[in-house]
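The values are calculated or read from the model by the stated rules, or taken from the named source; none is laboratory data. None of these values were measured; they are calculated from a predicted model. So basically every Cβ, Gly included, is an ideal-geometry build from the backbone, and we count neighbours across all protein chains shown. To get the accessible areas, we keep the full protein, side chains included, count just its heavy atoms, and leave off ligands, DNA and RNA. Shrake-Rupley method; radii C 1.70, N 1.55, O 1.52, S 1.80 Å.
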Amino acid sequence: MPRKNLVCQKFRNLIFDPIFKVKLCAFGKWVSSFKPLLLLRHLQTNSNPSNYSNYFVTTDDYKKLLPNWPHDPGVYRFLDAEERVLYVGKAKNLKNRLSSYFSSQKDMAYKTRVMVKHAHRIEMTLVDTEADALLLESTLIKRFQPPYNVMLKDGKSYTYLCIKNERFPRVFLTRRVIRDGSTYFGPYTSKFRVEVILDLIKQLFPLRTCNLSLTEENIAKGKFKVCLEYHIKNCQGPCEGFETEEAYNEKIEQIKNMLRGNFGPVKRHFQQEMARHAEQMAFEKAQQIKEKLTAFEDYQGKSTVVSTTIRDVDVFSIASDEKNAYVNYIKVVNGAIINAWTQEMVKNLDDDEADLLSFTILEIRERFQSIAPEVIVPFEVELADPTITMTVPKIGDKKKLLELSEKNVHFFLLQKKKEEASQTGKQTSAERILKTLQSDLQLADVPLHIECFDNSNMQGSYPVSSCVVFRNAKPSKSDYRHYNVKTVVGPNDFATMEEVVYRRYKRLLAEGQTLPQLIIIDGGKGQLSAAVKSLEALGILDKVTVVGIAKRLEEIFFPGDSVPLYVNKKSESLKLIQQARNEAHRFAITFHRNQRSKDFTKTELEDIPGIGTKTAERLLKHFGSVKKMREANGEEIEKAIGKGAAAKVAKYFKAEESGGGDEQLITAE
């Protein structure tokens with residue numbers, strides 16, 4: 001059955017944790033089917049964190065989760081079992097985008113199928129716009145270098161428009177933000193559009209493009225001459241004093257207003273020009289002006305994901321319900337979001353949001369080793385560290401960062417409520433299987449504790465038995481037991497089963513341990529009858545249910561009933577019985593092989609009374625073989641193992657030789 005790995009979250013101190021984390025998991029025990037739910041990863045402050053990991057979700061199960069996914073834009077990340085980021089992607093609609101990974105794989109690229117197969121969980125981060133998602137995607141790809149991302153790995157950042165801090169400022173594109181007093185606009189998610197804007201600026205406002213040092217002294221001395229840009233009307237020649245500094249700076253101010261979005265007069269000018277060209281039937285020119293006008297209308301001057309006006313800050317927001325409180329944390333370094341986390345806390349009766357936020361700020365900053373001098377919060381709180389600047393923004397970029405944090409913490413709270421509502425009345429896969437088994441076998445109780453027996457021998461030699469234990473439909477290997485058969489001689493499977501079952505439950509009764517609800521005997525009516533004898537002898541036959549399973553037709557036999565029960569071959573309950581039977585067989589065979597191997601490697605010297613394994617090993621190591629030891633004199637043996645042990649060896653060999661002589665005499669007669 002093909003399965004896609006999606007998983008639930010396990011907290012690791014990642015360099016970037018999402019503002020909220022979406023997890024897919026199933027509650028309870030997993031045996032052969034899965035019932036996933038949408039969960040949000042959280043850290044329990046006043047209790048142990050909930051760990052959801054190593055769960056798998058099928059495509060059909062995933063479809064049940066679709067109503068809970070957000071339609072907002074954002075960034076998603078696929079992570080493997082080792083918490084390594086496999087792939088970072090962006091989406092205008094997270095629900096639609098993630099759904100495509102679990103639709104038909106017929107037309108899906110091989111690389112994508114492999115990535116989804118190895119994914120262990122998914123993380124998501126909500127943002128305000130698609131452009132913000134693109135910027136955040138770039139930040140994460142450059143930070144984590146995911147193996148399945150092929151774009152945005154060149155180490156470049158997004159484009160900015162820079163107005164240089166110099167006399168007669170230049171306006172140019174750059175990917176580096178240097179804090180030298182220059183003014184930066186951006187980042188721009190489309191280089192093509194920013195180039196269109198820059199071309200428009202140059203058409204409207206002729207500016208210099210050279211990097212000459214245009215100081216008053218240099219211009220007065222006539223050090224520079226106008227270039228080709230002056231002669232083709234792209235520059236007005238400030239290098240020779242043909243343009244005053246005041247006139248040039250006035251153009252720069254108008255450019256700044258345009259880049260801030262104050263280009264109403266320019267927009268009206270273009271509309272008039274476009275209409276004039278259309279009247280003159282110059283549709284190509286009108287189309288060119290329309291494209292430039294569209295570029296301005298679509299232009300987004302700033303982003304909440306990256307900001308050049310904000311340096312190092314920590315952003316906190318809080319939301320709460322009757323029992324829990326949730327604090328969202330966004331870490332901003334050099335204007336970019338590099339870390340985010342949502343933490344859950346259990347509220348006490350007298351806790352309010354201000355106290356909880358004050359406590360959590362210090363804890364989260366210590367956990368993420370933040371040294372930001374400023375924190376942005378929705379309301380004033382008391383901070384133990386007086387060196388931290390607290391800001392409650394009302395407008396501006398900081399307010400947008402706070403709104404982004406609040407958006408995610410409220411989404412986290414909403415998903416937690418959906419999770420709690422979906423848990424009500426849910427039945428785990430283990431509960432379903434055990435109740436099916438109870439119904440199929442007509443048991444009085446749900447068989448939470450199951451034990452299964454099997455025998456193994458080789459033509460009657462090395463007889464052993466095994467007992468495997470299942471609890472809540474899963475193997476409990478610490479409770480497994482194996483037995484060396486003591487009272488049975490020869491290949492008697494029935495007597496072996498009778499002995500082992502008796503020994504097992506006599507021990508449980510003596511130790512006061514609980515009896516299983518179901519005992520499974522690997523075999524037909526004969527093995528089952530032998531087990532029933534032992535249970536009757538112990539007086540517990542009426543306290544447990546015992547059945548036998550015959551391999552050929554997978555028949556289920558009950559004591560005293562010659563007609564077997566046939567369970568549907570596709571039934572989950574039969575699969576559980578078969579799993580227990582196969583596990584008992586494996587455990588018995590393994591123990592039998594070990595016992596047989598020990599006997600095959602046993603030396604004749606270990607049969608000598610008073611000579612143990614260590615002494616025998618010393619003799620073999622010294623002499624090399626039993627034959628050479630027989631040929632050695634008593635002094636050599638005494639030197640190797642001591643006087644007392646040497647006497648026992650000599651006595652054994654002497655008795656063996658005398659016995660061999662008698663045998664020869666009898667044969668001769």
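Of note:
- Qualifying residue in region 545-552 (condition: touching a residue at least 60 places away in the same chain (Cβ under 8 Å) and of a type in the set (D, E, K, R)): no
- Across region 190-208, the number of residues qualifying as in a loop (DSSP other than H, G, I, E, B) and at pLDDT below 90 comes to 3.
- G539 vs. criteria of a type outside the set (F, W, Y), surrounded by fewer than 19 Cβ atoms within 10 Å (Cβ to Cβ) and free of Cβ contacts under 8 Å to residues at least 24 places away in the same chain: yes
- Residue tally, condition of a type outside the set (V, I, T) and farther than 22 Å from L535 by Cβ, over region 552-575: 12
Okay, residues lined up against (1) aliphatic (A, V, I, L, M); (2) at pLDDT 80 or above; (3) out of contact with any Lys or Arg (no Cβ under 9 Å at 6 or more places or on another chain); (4) not in a strand (DSSP E or B):
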residue: Y329; (1), (2), (3), (4): no, yes, no, no
residue: V332; (1), (2), (3), (4): yes, yes, no, no
residue: D351; (1), (2), (3), (4): no, no, yes, yes
residue: D355; (1), (2), (3), (4): no, no, yes, yes
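- Residue match in region 372-388 (condition: in a helix (DSSP H, G or I), among the charged types (D, E, K, R) and either at pLDDT 90 or above or surrounded by 15 or more Cβ atoms within 10 Å (Cβ to Cβ) (or both)): no
- Residue in region 433-440 that is surrounded by fewer than 16 Cβ atoms within 10 Å (Cβ to Cβ), among the small types (G, A, S) and not in a helix (DSSP H, G or I) present: no
- In the set I318, I338, only one residue is modelled with pLDDT under 80 and outside any helix (DSSP H, G or I); that residue is I338.
- Residues located in region 157-189, provided they are exposed (fewer than 14 other Cβ atoms within 10 Å of the Cβ) and at pLDDT below 80: R179
- Filtered residues of region 451-478 (kept if part of a strand (DSSP E or B), crowded, with 24+ Cβ neighbours inside 10 Å and in contact with a Pro (Cβ under 9 Å, 6 or more places away or on another chain)): E451, N455, S456, P463, V468, F470
- Scanning region 542-551 for residues that are out of contact with any Gly (no Cβ under 9 Å at 6 or more places or on another chain) and open to solvent by 20 Å² or more (accessible area, probe 1.4 Å), we see that the one that is nearest to M497 (Cα to Cα) is T545.
- Considered as a group, the residues in region 556-578 that are crowded, with 17+ Cβ neighbours inside 10 Å and assigned to a strand (DSSP E or B) include one that is farthest from the chain's Cα centre (by Cα), and that residue is F557.
- Scanning region 83-121 for residues that are open to solvent by 50 Å² or more (accessible area, probe 1.4 Å), within 24 Å of S138 (Cβ to Cβ) and not small (G, A, S) gives R84, K90, K92, N96, R97, K111, H118.
- The set of residues in region 531-555 that are in a strand (DSSP E or B) and of a type in the set (V, I, T) comprises T545, V546, V547, I549.
- Annotation: of all residues in region 134-156 being out of contact with any Ser or Thr (no Cβ under 7 Å at 6 or more places or on another chain) and at pLDDT below 65, the one that is most open to solvent (accessible area, probe 1.4 Å) is M151.
- Scanning region 514-529 for residues that are open to solvent by less than 10 Å² (accessible area, probe 1.4 Å) and assigned to a helix (DSSP H, G or I) yields a single hit, L528.
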